[in-house]
Structures are given as C-alpha cells and as structure tokens.
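A.B. asks: If you scroll down you'll find the structure; I have some questions about it.
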Amino acid sequence: MNTKQRTTTMARKSGSRVNARYLTMTAMLSAIAFILMFLDFSVPFMPAFIKLDLSELPALIATFALGPVSGVTVCLVKNLLHLLMTSTGGVGELSNFVLGVAFVLPAGLVYKYKKNRLGALIGSLAGAVAMAVISVFSNYFVVYPIYEAFMDREAIVAAYNAIASVVGGHMENLLQCLLVFNMPFTFLKGMLSVGITFLIYKYISPFIKGNK
C-alpha cells in the first residue's frame, strides 16, 4: 500500500469515527430533550395550563457543538418520540418542532460563520426572538384551537385576565393575551436555555465533539 492509499484509508476511518460520534451524540441529546419534555412546571404570572420546560436546551447545545442540522434533528426526534403518547393528535408536537427549529436554526447558522461567544450570543438572541414571534401564530392558529375542545375561548381569556387583573390590566381577546403573555414568556424560555448553555458549554463540548 503506497502513501496515498494509506492516507485515504486513514481519512476514511477518521470520517467513520466522526460520523459515529455525530450520530451517537445527536441521539443522546435527543433522548435528554425527550426526557426534559416531561420535567415541565408552572410559572408565576402565566395560566396554570402553560408549562415551562427546557427541552430546547439539548437542541441548542447540539447546534453549537455539532451544527444546525444536529440541533434540528434533536427537535425532530424528541417530538417523534413524544408522538407515542400525544394527547393533541400530533398538533402540539408539530408546534413544538416548529418553535424549536425557529430557535436553534438561526443560532446555529450565525455561529457557523462567527464561531465565538459573540456569534453564539447574537445567534441565540435571533433564535429566541424568532421563536417568540412565531409562537404567537403557532398558538393562535394551531395550539389554542385544540385547547378550545376542552375549554372555550372565553374561559381561556378569563384565565389570562385573572393574572392581568393583579396589575390592573385587562385582556380583550386571545391575540392580545398571546402578545402580552406568551410572546415574552417564550422569549424568556429561550433565553433561559441560552443562559444555561453559556454556563456549561465549555465543560461538555469537548466530550460531545470527541476532543476528550
């Protein structure tokens, strides 16, 4: 075997190891994201049926460590797994996937071309804003029509008004509720994942990338 052949063989073996780690780490982060979907909890100043979870956190980490395709894959796999026990006929999972992609894809694309903390921060901010804005349309046209099978729209708006009345506010309709409550909530949810990612990324990224 000549030098060129040996180099080609080594490159193929190296590529196989990289692909195996990429798939393994993406699968592992998908499993963690799926588990986190069940570790949700209520938060102050939001109706009880609105829950906070951190299932986008592994997807964001995958995006920075392995690329935006990995991050999108984590969003897809966690929702495909959740379909096995869905109570929304897949509508909630579709919405969750769309919002997850809106979050991690801008973050990954910006970071891909500006690989430093500033690039990660700019991309994350863009993703959190995109997710927050799209959540208004997703909730209004997709998620809440499902809720209305169990709770009429007036009751949903009343649940928001019970909270708004604490500060003397009043919501006139569902769209206003989504703009005042859900959009900032979704943005803060995204930024919580960003904050945790910035705290732990440098410690776990070598393991994910195979540098240790």
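The values are calculated or read from the model by the stated rules, or taken from the named source; none is laboratory data. All values derive from a computational prediction rather than experimental measurement. Cβ sites come from the backbone with ideal geometry, for glycine too, and all protein chains shown count toward neighbours. Surface areas here come from the heavy atoms of the whole protein model, side chains and all, with no ligands, DNA or RNA. Shrake-Rupley method; radii C 1.70, N 1.55, O 1.52, S 1.80 Å.
A.B. asks: Out of (1) under 23 Å from Pro58 (Cα atoms); (2) open to solvent by less than 10 Å² (accessible area, probe 1.4 Å); (3) at pLDDT 90 or above, what's the single condition that is false for Ile208?
C.D. replies: Every condition holds for Ile208 apart from (3).
A.B. asks: Which count do you get for residues in the range 49-108 that are of a type in the set (Asp, Glu) and either more than 23 Å from Gly123 (Cα to Cα) or not in a loop (DSSP other than H, G, I, E, B) (or both)?
C.D. replies: Of all residues in the range 49-108, those of a type in the set (Asp, Glu) come to 53, 56, 93.
Adding the requirement that they be either more than 23 Å from Gly123 (Cα to Cα) or not in a loop (DSSP other than H, G, I, E, B) (or both) leaves 56, 93.
Residues meeting the conditions: 2.
A.B. asks: Return yes when Gly92 is small (Gly, Ala, Ser), modelled with pLDDT of 90 or more and surrounded by 12 or more Cβ atoms within 10 Å (Cβ to Cβ) and no when it is not.
C.D. replies: Values: small (Gly, Ala, Ser): yes; modelled with pLDDT of 90 or more: no; surrounded by 12 or more Cβ atoms within 10 Å (Cβ to Cβ): yes.
Against the criterion (small (Gly, Ala, Ser), modelled with pLDDT of 90 or more and surrounded by 12 or more Cβ atoms within 10 Å (Cβ to Cβ)), Gly92 does not qualify.
A.B. asks: Restricting the range 29-39 to residues that are under 18 Å from Val194 (Cα atoms) and among the small types (Gly, Ala, Ser), which is surrounded by the fewest Cβ atoms within 10 Å (Cβ to Cβ)?
C.D. replies: Going through the qualifying residues, I end up with Ser30.
A.B. asks: Please work out which residue is surrounded by the most Cβ atoms within 10 Å (Cβ to Cβ), limiting yourself to the range 61-89 and to residues that are aliphatic (A, V, I, L, M) and under 24 Å from Phe185 (Cβ atoms).
C.D. replies: So in the range 61-89, the residues aliphatic (A, V, I, L, M) come out as 61-62, 65-66, 69, 72, 74, 76-77, 80-81, 83-85.
Within this subset, residues satisfying the condition of being under 24 Å from Phe185 (Cβ atoms) are 61-62, 72, 74, 76.
On the way: Ile61: 26, Ala62: 29, Val72: 19, Val74: 32, Leu76: 16.
That would be Val74.
A.B. asks: Further question on the same structure: Inside the range 181-203, can you point out the residues that are within 15 Å of Val129 (Cβ to Cβ), within 15 Å of the chain's Cα centre (by Cα) and not charged (D, E, K, R)? Give the steps one after another, and end with the answer.
C.D. replies: Step one: of the range 181-203, the residues within 15 Å of Val129 (Cβ to Cβ) are 182-194.
If we keep only those that are within 15 Å of the chain's Cα centre (by Cα) as well, we get 183, 185-194.
Selection gives Met183, Phe185, Thr186, Phe187, Leu188, Gly190, Met191, Leu192, Ser193, Val194.
A.B. asks: Continuing with the same structure: Please list, ordered by residue number, the helices (runs of 4 or more DSSP H) wholly in the range 126-189 having 3 or more residues that are open to solvent by less than 60 Å² (accessible area, probe 1.4 Å), out of contact with any Ser or Thr (no Cβ under 6 Å at 6 or more places or on another chain) and closer than 17 Å to Ala48 by Cβ. Talk me through it step by step, then tell me what you get.
C.D. replies: On the way: elements: 144-147, 153-164, 174-177.
Of the helices (runs of 4 or more DSSP H) lying wholly inside the range 126-189, those with at least 3 residues that are open to solvent by less than 60 Å² (accessible area, probe 1.4 Å), out of contact with any Ser or Thr (no Cβ under 6 Å at 6 or more places or on another chain) and closer than 17 Å to Ala48 by Cβ span 153-164.
A.B. asks: Of all residues being out of contact with any Gly (no Cβ under 8 Å at 6 or more places or on another chain) and under 14 Å from Ile200 (Cβ atoms) in the range 40-60, which is surrounded by the most Cβ atoms within 10 Å (Cβ to Cβ)? Just the residue, please.
C.D. replies: Step by step, filter the range 40-60, then rank; the result is Pro58.
A.B. asks: Keeping to the range 71-110, report how many residues are more than 16 Å from the chain's Cα centre (by Cα) and among the hydroxyl-bearing types (Ser, Thr, Tyr).
C.D. replies: So the answer is 3.
A.B. asks: Follow-up question, since we're still on this one. For the range 23-48, which positions are within 21 Å of Met191 (Cα to Cα) and either of a type in the set (Phe, Trp, Tyr) or without any contact (Cβ under 8 Å) to a residue 12 or more places away in the chain (or both)?
C.D. replies: Phe34, Ile35, Phe38, Phe41, Ser42, Pro44, Phe45
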